[in-house]
Each structure stands twice: as C-alpha cells, then as structure tokens.
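Undergrad: Here it is, the structure in full.
The values are calculated or read from the model by the stated rules, or taken from the named source; none is laboratory data. This one's a predicted model, so the numbers in the text were calculated from it and none came from an experiment. Here the Cβ positions follow ideal geometry from the backbone for every residue, glycine too, while neighbour counts run over all protein chains shown. We work out accessible area using only protein heavy atoms, side chains counted, and drop any ligands, DNA or RNA first. Shrake-Rupley method; radii C 1.70, N 1.55, O 1.52, S 1.80 Å.
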Amino acid sequence: MLKVGLTGGIGSGKSEVSRLLAAYGAVIVDADRIAREVVEPGTPGLAAVVAEFGPGVLTADGALDRPKLGAIVFADTGRLTALNAIVHPLVRARSAEIEAAAAPDAVVVHDVPLLAENGLAPLYDLVIVIDAAEETRLDRLVRLRGMTREEARARMAAQATREERLAVADLVIDNDGPLEDLEAQVAKAWADLLARSAHHTA
C-alpha cells in the first residue's frame, strides 16, 4: 500500500485532483468529509460536542449548527482546542478504518488541507502538493465560491505559505492553467504513483 498525502492551499483545485485520482482507482480519505461524518446526528461525536459546548450548537432538527459552532471556536483558541480534541481522534480512527479496508496494493490518497501547517508530511510515503499562484487562487475563490477579495485573502493568509507547502512536496501538480492541463498532469502523477506502489509492495 502506498500512502499519499495530498494538499494545497484554498482555491488550488485540490478537490478536483482528488476527484480525478478517485476516477483512476485511488482510495480517497477525505479528512474534511470525515470530520463532517463523525458529528452527524446520532453519532457519539455529536454527543461529545453537545456535552462540551451545550445544546445551543444544534439546529432545530438536531444537526450540528456549523456557523454557530464556528463563531464560538474561531473566536477562542481554547474552545477550538477542545473541539479538535473531540473531532481529530474520531477522524483519525475513521481514516485508519478506510485505509485498513483498502487492498494491499492500493494507492491510498489522504486529502489533508492543513498537512504543511500541522507537520504531517512524515505520516505519508510521499506528498503531492497542488500549486497555483496566489492571484489564480484569489480569482477562483471570488469567482467560484462567491467570497469577497478580503475574505479570500484572509482565508489564504490563515494557511501555510506557498513556500512552506512546496518544501514538503515530493510531487508538485501545477494548477495555474486550464482543466485539460490539470488532467494531463494528474494522469502523469497517477502513472508515477502506480510505479512507486509496485516498487513499494514488491
């Protein structure tokens, strides 16, 4: 099994690369998606969040009110630490389950937005960084996600710098151009991953 860490700044096109790799047959472990799953209604994760933050963080139908919880934790690092202490172990456990269920020769791609920020590169056999110029990313966030330029800049500033991400990269996929260019690069990266995987499991 080849364990790959996939990361990139907001607006770099990471989810598109994830989608393309999944189409080739990679097993995708999406940390953001799992983080939502582990606090769905009826889960021990949600019960733990309510025990910590009170029933005020629930919507009328008993789901997690993300904006409300977000407002609490992003204003107070202590509360954010408390939330992470609940969610992170659950995400790790679920990620490990998905990985354990994968075939021995699988290429398992962990989609990890804050890989560089949290120093997680050593957990993977190799790290792929999706790279795009700041102006390109800013344009995508404003055009495709409806953010203002100020919001987009603030979100980008809260993440690692481009240099910090590139410093942990084993493979870089440049996503400054059109989708066709990206598809060609992902095809090349997939061939590389398969070759490394064959060598890794041999």
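Undergrad: Can you give me the distance in nm between label points at Tyr24 and Lys68, each placed 7 Å from the Cα along the Cα-to-Cβ direction?
TA: Using points 7 Å along Cα→Cβ, the separation is 4.4 nm.
Undergrad: Place +1 on the Cβ of every Lys and Arg and -1 on the Cβ of every Asp and Glu in the range 1-124, take the dipole about the Cα centre, and give the residue among Ala35, Pro67, Val108 whose Cα lies farthest towards its positive end.
TA: Pro67
Undergrad: Okay, moving on. How far is helix 134-145 tilted, in degrees, relative to the longest principal axis of the Cα atoms in the chain, given as a value from 0 to 90 rounded to the nearest 10?
TA: That works out to roughly 60 degrees.
Undergrad: So if each residue of separation counts as 0.36 nm, and I subtract the Cα-Cα distance between Ala82 and Glu37, what length gain in nm does that give? Show your work: numbers first, answer last.
TA: Numbers: separation 45, 0.36 × 45 = 16.20 nm, distance 1.83 nm.
Between Ala82 and Glu37, full extension yields 14.4 nm more.
Undergrad: With a Förster radius of 35 Å, plug the Cβ-Cβ distance of Ala100 and Ala75 into 1/(1 + (r/R0)^6) and report the FRET value to the nearest 0.05.
TA: Working: r = 38 Å, r/R0 = 1.07.
With R0 = 35 Å, the Cβ-Cβ based efficiency is 0.40.
Undergrad: Still on this structure, please answer the following. Leaving out ligands, DNA and RNA, what percent of the accessible area of the range 1-131 is carbon and sulfur, probe 1.4 Å? Kindly include the intermediate steps, with their values, before the conclusion.
TA: Details: 3640 of 6170 Å².
Answer for the range 1-131: carbon and sulfur cover 59 percent of the accessible area.
Undergrad: A further question on this structure: Which value, in debye to the nearest 20, gives the size of the charge dipole of the range 128-202 about its Cα centre, when Lys and Arg are +1 and Asp and Glu are -1 at the Cβ? Write out the running numbers ahead of the final one.
TA: Working: 11 positive and 15 negative charges, 60 e Å.
Charge dipole of the range 128-202: 280 debye, to the nearest 20.
Undergrad: Tell me, what is the per residue accessible area of the chain in Å², probe radius 1.4 Å? Please report the intermediate quantities before stating the final value.
TA: Values: 10630 Å² over 202 residues.
Counting only protein heavy atoms, the per-residue value for the chain is 53 Å².
Undergrad: Mind checking the full-extension length gain between Val50 and Glu16? Use 0.36 nm per residue of separation minus the Cα-Cα distance, one decimal, nm.
TA: Details: separation 34, 0.36 × 34 = 12.24 nm, distance 3.36 nm.
Contour length minus Cα-Cα distance gives 8.9 nm.
Undergrad: Further question on the same structure: Determine the distance separating the Cα centre of the range 174-202 from the Cα centre of the range 17-53; give it in Å without decimals.
TA: When both Cα centres are located, 25 Å separates them.
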